[in-house]
Ligand code: BMP
């Protein structure tokens, strides 16, 4: 399953770019969700996002601002994101429970927004600080009722660790394609979704690229069941 990262390149019109990609991949059976983050929102604000998300209908709609602030501020941002039509939001777990994650979790619970915590990242530098605390961050976020975790397709040992600690949470794994991870490897390690951006959005034919990635995912999972 694929969560498509819609990160418009600079000097494009983000709305037209997102609509054009979505129109090419919409209805694909492997497409489970879309993720919109800083590249799109910094370029043009939030107002246009609402109509794009409306077109995404029953897909998971993830806001990726990787929030890392005090609780009161994260609640304001979450409220704006929910009003724009997002049903899930990504937060950094390293800000800790008290006065930050706990307040965000309270707000999200009462407004039906799914929270997803970053507990390990796809770039090598994640090992320097973040990965040293992955287990504690997973435990804290689980106790606060977080819906899911971001763990990297580029280091499947981290996915396995998160899956062991959180058997029924969702795991979303970036790093497939442009960052070097092979489609399907994260799913085999226990992820629910592979986050894919440029390998699809910058391909000459995004639908064909999605077909190819979905087929690789299928084959990887099939080999697991053999
Ligand atoms: P791409 O497939 O083009 O490399 O895009 C990956 C997407 O996943 C980007 O939107 C990026 O912000 C996000 N991401 C990541 O690459 N690594 C992480 O550890 C966490 C992310 O959210």
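Derivation of every value follows stated rules applied to the coordinates shown; laboratory data play no part. As the structure is a prediction and not an experimental result, all values here were calculated from the model. FYI the Cβ positions are ideal-geometry reconstructions off the backbone, even for glycines, and counts take in every protein chain you see.
In region 12-40, which residues are surrounded by fewer than 14 Cβ atoms within 10 Å (Cβ to Cβ) and within 16 Å of the ligand (Cβ to nearest atom)?
38
How about region 110-137: which of its residues are in a loop (DSSP other than H, G, I, E, B) and touching a helix residue (DSSP H, G or I) at 6+ places or on another chain (Cβ under 7 Å)?
If the condition is that a residue be in a loop (DSSP other than H, G, I, E, B) and touching a helix residue (DSSP H, G or I) at 6+ places or on another chain (Cβ under 7 Å), then 113, 119, 120, 121 are the ones that fit.
Can you tell me which residues in region 200-226 are out of contact with any helix residue (DSSP H, G or I) (no Cβ under 6 Å at 6 or more places or on another chain) and within 11 Å of the ligand (Cβ to nearest atom)?
Result: 202, 213.
To keep it simple, each residue is scored yes or no on (1) closer than 20 Å to residue 95 by Cα; (2) more than 9 Å from the ligand (Cβ to nearest atom); (3) surrounded by fewer than 20 Cβ atoms within 10 Å (Cβ to Cβ).
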residue: 144; (1), (2), (3): yes, yes, yes
residue: 155; (1), (2), (3): no, yes, no
residue: 164; (1), (2), (3): no, yes, yes
residue: 175; (1), (2), (3): no, no, no
residue: 179; (1), (2), (3): no, no, yes
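Take residue 191 and tell me if it is buried (at least 16 other Cβ atoms within 10 Å of the Cβ), touching a residue at least 12 places away in the same chain (Cβ under 8 Å), over 26 Å from residue 85 (Cβ atoms) and under 16 Å from the mean Cα position of the chain (by Cα).
Judged against the criteria, residue 191 is not a match.
Output yes when any residue across region 1-11 is under 25 Å from residue 101 (Cα atoms), within 15 Å of the ligand (Cβ to nearest atom) and touching a residue at least 12 places away in the same chain (Cβ under 8 Å), and no when none is.
Scanning region 1-11, I find at least one residue that is under 25 Å from residue 101 (Cα atoms), within 15 Å of the ligand (Cβ to nearest atom) and touching a residue at least 12 places away in the same chain (Cβ under 8 Å), so the answer is yes.
One line per residue, one yes/no per condition, for (1) within 16 Å of the ligand (Cβ to nearest atom); (2) closer than 20 Å to residue 3 by Cβ:
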{"position": "45", "(1), (2)": "no, no"}
{"position": "49", "(1), (2)": "yes, yes"}
{"position": "58", "(1), (2)": "no, yes"}
{"position": "71", "(1), (2)": "no, no"}
{"position": "85", "(1), (2)": "no, yes"}
{"position": "100", "(1), (2)": "no, no"}
{"position": "108", "(1), (2)": "no, yes"}
{"position": "150", "(1), (2)": "yes, yes"}
